[in-house]
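Engineer: Have a look at this one before I ask anything.
What follows is calculated from the coordinates using simple rules that are stated; it is not laboratory data. Please read all numbers here as calculations on a predicted model, not as lab measurements. So basically every Cβ, Gly included, is an ideal-geometry build from the backbone, and we count neighbours across all protein chains shown.
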Amino acid sequence: MNLFINGYNIFIIVLVSFLFTLFLTPIVRWIAMRIGAMDKPNKRKVQDVPIASMGGLAIFLTFLLSYMIFAPIDTRIISVMIGAFIIILTGIIDDINPLRAREKLFGQLISALVVTIYGGVAIEHIQVFGHIISFGIFSYPITIFFIVAIMNAIDLADGLDGLAAGTTTIYFVTTAIIGYFMSDLAGLNVILCLILAGSCLGFLMYNFAPASIYMGDTGSLFLGYMISIIALVGFKSTTITSLIIPIVMLFVPIIDTLLAMERRLLKGQSVGDADREHLHHQLLKKTKSVTKTVLIMYVINGLFSIVSVLYVLGNKKLSIILYCILLALFIILIFTTDVLFEHKKKDKDEN
């Protein structure tokens, strides 16, 4: 079994990235405390004391260092790096002095525009069951929407200690496994997944409950950005599988984002308004434990990822059946919470 990529053992790539983040995170935490990048308690937060934010900067710096060591030269990465710098800057500013939703969206759109227009990373066509569907003039808008949507899904998932870091680690590990067995081990996206998996694992050492530092928007937006880029680069070609599978692996945060939008619109609020009614918050009410809640979310995301590996590499019919079973169980879970109907409950209580 070949465990080498670009001349490096895949476990060494993960380990070095892990150690980089392990070393850099305390430094970033010290900087965050000095410049005022602190996540302060309020009615939407679960912590009782201010906690350093901006931890995503450690993940980003590790990504840069590890990429320079392990990854091959690729012209596409220039635009990816420029977009990443823009989104990191947006996140840092927001972690120091919270931006309005539209201001944060502006930074997301600029980073997406750079990587699509300048970098040429766009969904121009897609292969569905042997048929080619071309998007023509809609390729750029569709790509930009995809990038921004994934960034916001990961951003909204960052609500409990270790939740976003663990969820994205599951994604990166799963995607790397799929790439390995699809004989795409030399692909850029697999190297990026290994680097980012190691980075997130290193950060989890400080971010898992009780967290001493949060990744902040600096981290959640960057990780969402990288997930979307990896999905767009795909494996060898843009097929329905290369785009749908990443979405399925992120099924929980994506659905949670859609439910959040539904709640806020029904209450007459902006979709950018924050609340404490996400699925993880609802589960927290039941478990009374951040650790238990986060582990439950890990299991749910892990099950969708395992079935995704089976779909790509094994029995597709069985995988579809398992997807349906997981979907049914997830829907049942949703209906055991107030994630859909909290606004009606509050309106009734007020009356």
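Engineer: Between rounded, prolate and oblate, where does the stretch 136-190 land on the alpha carbon gyration tensor, with a ≥ b ≥ c its root eigenvalues, rounded for a/c under 1.5, else prolate if a/b exceeds b/c?
Structural biologist: Oblate, since a/c reaches 1.5 and b/c is not below a/b.
Engineer: Considering amide H positions built from the backbone, and no H for Pro or chain starts, which residues 5 or more places from A122, or on another chain, come under 5 Å of its amide H?
Structural biologist: Here the answer is none, since no amide H 5 or more places off falls under 5 Å of that of A122.
Engineer: For the stretch 9-14, take each phi angle, set θ = phi - 60°, evaluate the Karplus expression 6.51 cos²θ - 1.76 cosθ + 1.60, and give the result in whole Hz per residue in order, putting x for glycine and proline.
Structural biologist: Each residue of the stretch 9-14 in turn: 5, 4, 6, 5, 4, 5 Hz.
Engineer: In terms of modelled amide H atoms, which long-range or inter-chain residues lie less than 5 Å from the amide H of I5?
Structural biologist: I10
Engineer: Show the residues, 5+ positions off or on another chain, whose built amide H is closer than 5 Å to the amide H of D39.
Structural biologist: Close amide H contacts, sequence-distant or interchain: I51, A52, S53.
Engineer: What is the calculated FRET efficiency for K267 to A101, with r their C-beta to C-beta distance and R₀ = 22 Å, to the nearest 0.05?
Structural biologist: 0.90
Engineer: Please compare each pair in K285/K316; K267/K316; K104/K288; K40/K286 to a cut-off of 30 Å on the Cα-Cα distance and tell me which ones are over it.
Structural biologist: With Cα atoms farther than 30 Å apart: K285/K316; K267/K316; K104/K288.
Engineer: I need the shape label for the stretch 4-350. Rule: rounded when a/c is under 1.5, else prolate if a/b > b/c, else oblate, with a, b, c from the alpha carbon gyration tensor.
Structural biologist: rounded
Engineer: Residue by residue, what Karplus-based ³J(HN,Hα) values in Hz, rounded to whole numbers, does the stretch 214-226 have, using 6.51, -1.76 and 1.60 with θ = phi - 60° and x for Gly and Pro?
Structural biologist: With coefficients 6.51, -1.76 and 1.60, one gets 9, 6, x, 5, 4, x, 5, 5, 5, 5, x, 4, 5 Hz.
Engineer: Could you run the Karplus curve 6.51 cos²θ - 1.76 cosθ + 1.60 with θ = phi - 60° over the stretch 292-297 and give me ³J(HN,Hα) per residue in whole Hz, x for Gly and Pro?
Structural biologist: 4, 4, 5, 5, 4, 5
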